[in-house]
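The block underneath contains the structure these notes are about, expressed in structure tokens.
The values are calculated or read from the model by the stated rules, or taken from the named source; none is laboratory data. For clarity, every value in this text was computed on a predicted model and none was experimentally measured. As a convention, Cβ positions derive from the backbone with ideal geometry for all residues, glycine included, and neighbour counts pool all protein chains shown. For the accessible areas, the whole protein counts, side chains as well, though only heavy atoms, and no ligand, DNA or RNA atoms are used. Shrake-Rupley method; radii C 1.70, N 1.55, O 1.52, S 1.80 Å.
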Amino acid sequence: MKTSKKKVENEARRDFLKQSSVLSALVLSPGKAVKDPEWEEKVAAPFEKVSLKLEINGIKHNLTVEPRTTLLDLLREQLHLTGTKKGCDFGQCGACTVHSDGQRINSCLTLAVTEDGKKITTIEGISKGDDLHPMQEAFIKHDGFQCGYCTPGQIMSGIACIREGHADTEDEIREYMSGNICRCGAYPNIVDAIMEVKKGGQTV
Amino acid sequence: MKNKDEMIGGRMSRVDAVLKVTGQATYFAEYEVPNLTYGVLVPSTITKGRIKNLDTKKAESAPGVLAVITHLNAPKVPAYEAQEPSKTSSGRGPGMMAFHTDEIHFNGQPIAMVVADTFERATFAASLVKADYQEEKHQTELKANLAQGKVPKTNKSLQDYQRGEKDAYKNAPVKLEEEYVLPTEVHNPMELHGILAHWEAADKITVYAKTQGVKMTQQVIADTFKLPKENVQVHSQFVGGAFGMSLRVWPHEIATILAAKKVNRPVKLVITRNEMFTIAGYRPHTHQKVGIGATKDGKIVGISHWAHVQNSNYEEFTEATVAMTKFMYRIPNVNTTYRIVPLDICSPVPMRGPGEATGAFALESAMDELSYALNVDPIELRLMNYPEKDPERDLPWSSNHVRDAYKMGADKIGWANRSNKPKSKMEDGMWVGYGMATGTFGAHRRPATARACLNADGTLLIQSAASDIGPGTGTAVVQIAAEVMGIPASKIRFELGESKLPDAPIQGGSATVASVGSAVHDACLELRQKLVELSGNALKNAKAETLVYEDGKISSPKDRSASITYTEVLKRNSLPKLEVTKESKLDEDQQKKFAMYSFSVHFVKVHVHPTTGVVKVKHAVALADAGTIVNHKTASSQMMGGAVGGIGMALTEEAIIDHRFGRYVNNNFADYHVPVNADIPDVDVLFVDKKDPYTNPMGSKGLGEIAIIGMAPAIANAVYNATGKRVRELPITPDKLI
């Protein structure tokens, strides 16, 4: 973007231009500009406080986040909802699975700001007090875990799997649960747990 | 009445199950510590050489950055200055000193840590650190450096071994000599490694760690920073899997502690999945050769086993790759050779079934090959060469029911359907094959201490600094206490994973239940004894061992009126609680009298696609001869998990280095394939479940390692049976079959 020689009288407009020229520079020459901390500071400043409304586990939150913050890091580091796990940060393991308006998503691949206005459900939000969700009960009964680290993601995915209508057979469950890695190798028990909940017919 | 599921041999659900399914279990990165800051590592982009210049200015001036720690400005580490790093760190050498010199030992070695007030800011600033290097020629390829192999200095048990005549297999009527290759495999527990370090005072530190031994971590930090042990507190109540990777303190943990000192605030480091491959250990790439010879009627006369094992260039790592060959079969002439090959890579670290899992791939593949050469059933060959006692040390087995396991597994998998002729059966358009293999691992027991504290309300608190990386240690311990004390599990609480608790060994080598469980058992026995002593005349002078302990009550089976509850004993003595701390260990004489091993047998049925060469495990049977099974539910999951790990080992897992750069090219879950749900068939788990009379009071033997040992060769053997193609280099990817 060319710099205008004309005196810009409107302060707000000048600020806007400053910001947008920084943005354009970012887009046009990502290599040098992005790596320059001075530029970064200028870019970050107007963006640092992006407001965001989220309903998490039935509680409404008015938040301000950096746009580069993932939903996963927002949950874990800022809201201390650490039941949702970071296993790879690349959408390759499923440990960070949560529900967004009822659909399962990888929260590590989701920028928090893109969820504005949505209802997020995490593992902390599926039991009612001491009454566990049927999927949680089934995971305990069938020992669908060992170390427990992938478990919240498995449970959130398992619930979604039934809701999606992808839990009619064991093979179907295996296929639709393959985005959730369990290194302890509890897969057959996980399939048994999901199958039991599906057959139980409870609303999940 | 005792609830059978809560006793030894029951199938009680995990004591920490509710915490794990509700997201309330707290792993190291989830502790809330005020003023927390975030560390992000900067990796070396060369493989060998020195750092010439480090430009950290841009990173330092980036928003939110508190410090950039490098070898140029890191706080001094007392043990590094004194050149005496903790021996406990690995037991095998000085290790690599964090941010201490300009030397680069491997690609991805941390050269700096950026600390900032948020994770995002630290991550961005880390991208601004630039380094110039004095690069040297590197060596990362095992195969090209086999000649550099050397005898390890630090582990005498891996020096050359010979029993009988050397290379006797060469003169046998039926013989074969083959090479077997295992690639680098990476533990990849789901929880990322790291540490949260908080200096509470200049000489007092608290860390939240991902460790398989809080006492080990405490000792290493105390040694490294020359602090009294009590000034180092380690918390590690939940560990999201480890499989061996957390058996040592890694340089990046020390780096985080240095960073926390530098910024004078708590620092949390959670390494990336990519870094899980480069800086936190792996199962070493190993070239093996086996020569085996037998008489025509199937008596093995000699075996030779050579192993060349990938190693780093800055410390020695060893594992028992050739151990199983010395005693698994009755063979008069045995020789083994173990060499480590120093390369410009990070050090390996034990990975589930360390050594034996690698060795078993060679030995059990060779056994299978020999069975075809002799035209005998592979089970039959093993039975013909079954050793009635340990041929290595000439000692009786403490217990060995592996022959029962062969029979149980053969029945379960439908071994009778197997054809001894390869590539002779099809099913649903697929080649069908059956395979089996054996595994073994020492049934170890280490000294451990437990505290048992009976409270006035009748609840029991058990404490020991054990770890539970997933197998269900806490659950087993509660069952042992419930059995001995006759108290319902709901009234027993087990505290673990804190360095302030009584001594417990690392959770490695499948020894936790045998070690910590025995200490809990013995502490509870002593607690019972004390209760009897304090019971006044209520039990009419009956001896402790003749009494029944049930429902929180001591009673005499002979005289119903002679009985007293535990709470009443405490009340009568005005005691708010009654406590026993007890150390327990294996009698050394016992250890010299018996060969103590756990055994596993794996059976698999595979389908192989005739055109694409894709292998699908259709059914797996995992059997353990591991003495008393304390909890059938958790033990079954442990065996199942080992079988799943073995499927990965056999079919998909391989960490690949581009040797031109010395850098991993597939260090993520999209390119390094651990098994996913769709890869896993039904896994049947069977236990011989016969008490071992000598290992420990419960009569248990370890499970964690044998669960994986033997699974990969069982699959390789099944693939041969299906296709007639013998794959001697894992993983068995389709390109090797078409």
Qualifying positions in region B:207-248 - surrounded by fewer than 24 Cβ atoms within 10 Å (Cβ to Cβ), outside any loop (DSSP other than H, G, I, E, B) and of a type in the set (S, T, N, Q): B:GLN219, B:ASN231, B:GLN233
Candidate set: region B:618-645, residues that are buried (at least 24 other Cβ atoms within 10 Å of the Cβ) and away from every other protein chain (no Cβ under 12 Å); chosen: the one nearest to B:ASP5 (Cα to Cα): B:VAL630
Failed item in (1) within 11 Å of chain B (Cβ to nearest Cβ); (2) in contact (Cβ under 8 Å) with a residue 60 or more places away in the chain, with A:ASN189 passing the rest: (2)
Residue list for region A:116-142, restricted to those being in a loop (DSSP other than H, G, I, E, B), under 17 Å from A:LEU81 (Cβ atoms) and of a type in the set (A, V, I, L, M): A:ILE126
Index of the failed condition, B:ASP692 passing every other in (1) at pLDDT 95 or above; (2) within 14 Å of another protein chain (Cβ to nearest Cβ): (2)
B:THR612 being at pLDDT 90 or above, in contact with a Ser or Thr (Cβ under 8 Å, 6 or more places away or on another chain) and surrounded by fewer than 20 Cβ atoms within 10 Å (Cβ to Cβ): no
Residue selected from region B:459-483 under the condition open to solvent by less than 10 Å² (accessible area, probe 1.4 Å) and within 20 Å of B:SER563 (Cβ to Cβ), by the criterion farthest from the other protein chains (Cβ to nearest Cβ): B:LEU460
Meets criteria (assigned by TED's automatic domain parsing to the domain that holds B:GLY704 and buried (at least 23 other Cβ atoms within 10 Å of the Cβ)) for B:PRO387: no
Region B:1-18, subset within 10 Å of chain A (Cβ to nearest Cβ) and touching a residue at least 24 places away in the same chain (Cβ under 8 Å), residue farthest from A:GLU137 (Cα to Cα): B:ARG11
Of all residues making up region B:546-557, the number that are open to solvent by 30 Å² or more (accessible area, probe 1.4 Å) and in contact with a helix residue (DSSP H, G or I) (Cβ under 9 Å, 6 or more places away or on another chain): 2
Tally of residues being more than 10 Å from chain B (Cβ to nearest Cβ), surrounded by 18 or more Cβ atoms within 10 Å (Cβ to Cβ) and acidic (Asp, Glu) across region A:126-142: 0
Given (1) surrounded by 22 or more Cβ atoms within 10 Å (Cβ to Cβ); (2) among the polar types (S, T, N, Q); (3) part of a loop (DSSP other than H, G, I, E, B), number of the condition B:THR440 does not satisfy: (3)
Residue in region B:530-538 that is part of a helix (DSSP H, G or I) and open to solvent by less than 10 Å² (accessible area, probe 1.4 Å) present: yes
Residue ID - most open to solvent (accessible area, probe 1.4 Å), chosen from residues in region A:143-165 that are more than 9 Å from chain B (Cβ to nearest Cβ) and in a loop (DSSP other than H, G, I, E, B): A:GLU164
Top-ranked residue in region B:27-60 [being of a type in the set (S, T, N, Q) and touching a strand residue (DSSP E or B) at 6+ places or on another chain (Cβ under 6 Å); ranked as farthest from the other protein chains (Cβ to nearest Cβ)]: B:SER44
Residues within region B:647-680 that are within 9 Å of chain A (Cβ to nearest Cβ) and crowded, with 21+ Cβ neighbours inside 10 Å, tallied: 8
Residues of region B:172-196 satisfying the condition of being open to solvent by less than 30 Å² (accessible area, probe 1.4 Å), more than 23 Å from B:ALA29 (Cβ to Cβ) and either modelled with pLDDT under 95 or of a type outside the set (S, T, N, Q) (or both): B:ALA172, B:VAL174, B:LEU176, B:TYR180, B:VAL181, B:LEU182, B:PRO183, B:GLU185
Where B:TRP199 falls short, out of the listed (1) within 14 Å of another protein chain (Cβ to nearest Cβ); (2) surrounded by fewer than 22 Cβ atoms within 10 Å (Cβ to Cβ); (3) among the hydrophobic types (A, V, I, L, M, F, W, C): (1)
A:GLY117 being surrounded by fewer than 23 Cβ atoms within 10 Å (Cβ to Cβ), in contact (Cβ under 8 Å) with a residue 12 or more places away in the chain and under 25 Å from B:THR26 (Cβ atoms): no
Selected residue (criterion: nearest to B:PHE599 (Cα to Cα)) from residues of region B:403-437 that are open to solvent by 20 Å² or more (accessible area, probe 1.4 Å) and of a type in the set (Ser, Thr, Tyr): B:SER419
Test: residue in region B:505-514 that is under 28 Å from B:TYR27 (Cα atoms), in contact with a helix residue (DSSP H, G or I) (Cβ under 9 Å, 6 or more places away or on another chain) and not in a loop (DSSP other than H, G, I, E, B): yes
Subset of region B:509-524 [open to solvent by 10 Å² or more (accessible area, probe 1.4 Å) and touching an Asp or Glu at 6+ places or on another chain (Cβ under 9 Å)]: B:GLY509, B:SER510, B:THR512, B:HIS521, B:ASP522
Residues satisfying the stated conditions in region B:249-260, i.e. open to solvent by less than 10 Å² (accessible area, probe 1.4 Å), within 22 Å of B:SER312 (Cα to Cα) and not β-branched (Val, Ile, Thr): B:TRP250, B:HIS252, B:GLU253, B:ALA255
Residues that are touching a helix residue (DSSP H, G or I) at 6+ places or on another chain (Cβ under 8 Å) and open to solvent by 40 Å² or more (accessible area, probe 1.4 Å), drawn from region A:55-79: A:ASN57, A:GLY58, A:PRO67, A:ARG68, A:GLU77
Candidate set from region B:3-41 (those that are part of a loop (DSSP other than H, G, I, E, B) and farther than 30 Å from A:PRO134 by Cβ); member that is most open to solvent (accessible area, probe 1.4 Å): B:GLU32
Which listed residue, of B:ILE340, B:ILE331, B:ILE303, is in contact with a His (Cβ under 9 Å, 6 or more places away or on another chain) and surrounded by 24 or more Cβ atoms within 10 Å (Cβ to Cβ): B:ILE340
Checklist (1) in contact (Cβ under 8 Å) with a residue 40 or more places away in the chain; (2) in contact with a Cys (Cβ under 7 Å, 6 or more places away or on another chain); (3) outside any helix (DSSP H, G or I) applied to B:CYS453, failing item: (2)
Residue in region B:334-347 that is of a type in the set (A, V, I, L, M), over 26 Å from the mean Cα position of the chain (by Cα) and not in a loop (DSSP other than H, G, I, E, B) present: yes
